[in-house]
Ligand code: F6R
């Protein structure tokens, strides 16, 4: 999704801004641009495509400047093009970058057109530049102009703007879209993502909704929604270079797959003790609150939703609680009935997914007992707005396709299932069994990663096909869905997942030699039934690839059986995810796709 970086400095900022754009490339974008204050003029450069092209333009034109704003755009309103790329300008005076969506843009555009403003893009963002200029022309200061503009805007925004008449200040504003100030040694910075400026500072101030700030090289002032000057807390975050670089791996996704043993250890570390989970690991008072929970509502999107669907099984089996799981984008439109004593659980890698945040904000108006988030980014909006939280501590996830975020979410959700069970005083023996298994989970994941060589042998067969079917039953159905999602998003192979028992109710019609079937067959009470389902595929000439428990016996005419390491049944969803991630990665590699930034996708989806 779109990324903002801005700097007011005592030194040249061109290179620093472009470096920041490179650091935000992982978020997904289609064009990039920069506006730099230069000798009472503004150098304005934009390119369609990669940041590298913008960098080449900068090398050619060599703009020198101590004040500038830059942006990577992920198209929402208007196609990806140079004209639609940010920064947008008004009358060669005001230049702005914007993340988010202005919902009432058509009305505002009409108003501005009547006031004589001509639009040169199809975006909703351009109107912000014109609106600021309109209010400046009425004799307002830039700060007042920003407040007057804010009053007009409906929707979500993070904005950074510069004025040709002022070579010292940047004005920024936030509402429902992340924006922060970075305190550097030679400069003050603003960005939508701490990673963008992580090489320049480890001191960040996260703006709150409604905040406006004015930034110069040596000073900044923050004002709240009512224009009162306020102090906001400084947060210290160390983002190591190692965590945000690929190292010897070919892609971030590959690195993040192989980081999973360490990431899972980080999730569990300090949260279990003896043969049970520790108290209050979700925040002070969480254990007491858990004892009152009678029902759980999960909302999340994409991969995080799949984690929620696995966890619903755990909440039932371990915590003895009924659970409802909903797409965050659907939840608030179905007029949900909320039982008292229900706990709202959101799951998100980024903590900034607009649909999940909107669901949380909607739910906060309802009669929930409390809200809790399982999240990877402690400074995110979701983390700050939820009453309780657990951070998965997976480290930055840069590849657009979620890998370590998913398995660590599962580890965090298992801790939640155990904590709920402990507070409710149920299933003590089962809890001890799971805790014991969790202690060796990282080692089992490590062992599972060694299946790479076997997976490399089947990857070419899948890579040559246009479709694939994933099958799983029970707790493995969400894992089959996650496998299908991973394959389609990075290799562009059409993939669907079904509970294996549903095959004969329709999808069996698709089976022929061009439809590889990837099945998950752990040892379970329904393993025999799954084997029967696979017989139906075999009988129709389908090629089957099975990831299975060593105890399951099956013969295949074509395809392959890959034996999985042994692990406690309740934790097997985590283990069986790993080969599906490796398979998708290796298939995408063979198909030559842009693995870390697949087409049309963004890392953190900050629009609804
Ligand atoms: C898929 C993927 C997405 C995200 C979804 C939610 O690999 O990454 O489906 O899971 O956009 O994002 P978060 O977890 O940041 O809320």
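Just so it is clear, none of the values below were taken in a lab; they were calculated from the coordinates. Quantities reported herein were computed from a predicted structural model and do not represent experimental measurements. No Cβ is skipped: glycine too gets one built from the backbone with ideal geometry, and neighbour counts run over all protein chains shown.
Between rounded, prolate and oblate, where does the chain land on the alpha carbon gyration tensor, with a ≥ b ≥ c its root eigenvalues, rounded for a/c under 1.5, else prolate if a/b exceeds b/c? Prolate shape, in that a/c is at least 1.5 and a/b is the bigger ratio. For the chain, the relative contact order is 12 percent, taking Cα pairs closer than 8 Å that sit 6 or more residues apart in sequence and dividing their mean separation by the residue count. Starting from the Cα gyration tensor of the range 114-266, take the square roots of the eigenvalues, sort them a ≥ b ≥ c, and report rounded, prolate or oblate (rounded when a/c is under 1.5, otherwise prolate if a/b is larger than b/c, else oblate). Prolate, because a/c is 1.5 or more and a/b exceeds b/c. Taking the DSSP bridge list for the chain and keeping only pairs wholly inside it, about 60 percent are antiparallel.
Helix 428-439 versus the longest principal axis of the chain: what is the Cα-based angle in degrees, 0 to 90, to the nearest 10? The angle comes out near 70 degrees.
The calculated FRET efficiency for residue 361 paired with residue 137, based on their beta-carbon distance and R0 = 45 Å, is about 0.80.
Per residue, the convex hull spanned by the Cα atoms of the range 183-324 amounts to 198 cubic angstrom. Using the Cβ-Cβ distance between residue 106 and residue 280 with R0 set to 35 Å, the FRET efficiency works out to roughly 0.10. Once C-alpha pairs closer than 8 Å and six or more residues apart are averaged by separation and normalised to the residue number of the range 512-576, the relative contact order reads 34 percent.
For the range 1-92, what relative contact order do you get, as a whole percent, if you take Cα pairs closer than 8 Å and at least 6 residues apart? Relative contact order of the range 1-92: 39 percent.
The C-alpha atoms of the chain define a longest principal axis, and helix 105-114 lies at about 20 degrees to it. Available extension along the chain between residue 44 and residue 59 is 4.0 nm, counting 0.36 nm per residue and deducting the alpha carbon span. For every helix of n ≥ 4 consecutive DSSP H residues, a contribution of -39,500 (n - 2.57) applies; sum these over the chain, divide by its total residues, and give [θ] at 222 nm rounded to the nearest 500 deg cm²/dmol. Estimated from H runs of four or more residues: -10500 deg cm²/dmol. Sort the range 307-436 into rounded, prolate or oblate with this rule: let a ≥ b ≥ c be the square roots of the eigenvalues of the Cα gyration tensor; rounded if a/c is under 1.5, and if a/c is not under 1.5, prolate when a/b is larger than b/c, oblate otherwise. Taking the square roots of the gyration eigenvalues as a ≥ b ≥ c, the range 307-436 is oblate. Taking label points 7 Å from Cα along the Cα-to-Cβ direction, residue 15 and residue 457 give a separation of 5.1 nm. Centroid-to-centroid, using Cα positions, the range 334-386 and the range 553-598 are 31 Å apart. The coefficient of translational diffusion for the range 80-200, derived via Stokes-Einstein from the alpha carbon Kirkwood radius under 10 °C and 1.306 mPa s, stands at 107 µm²/s.
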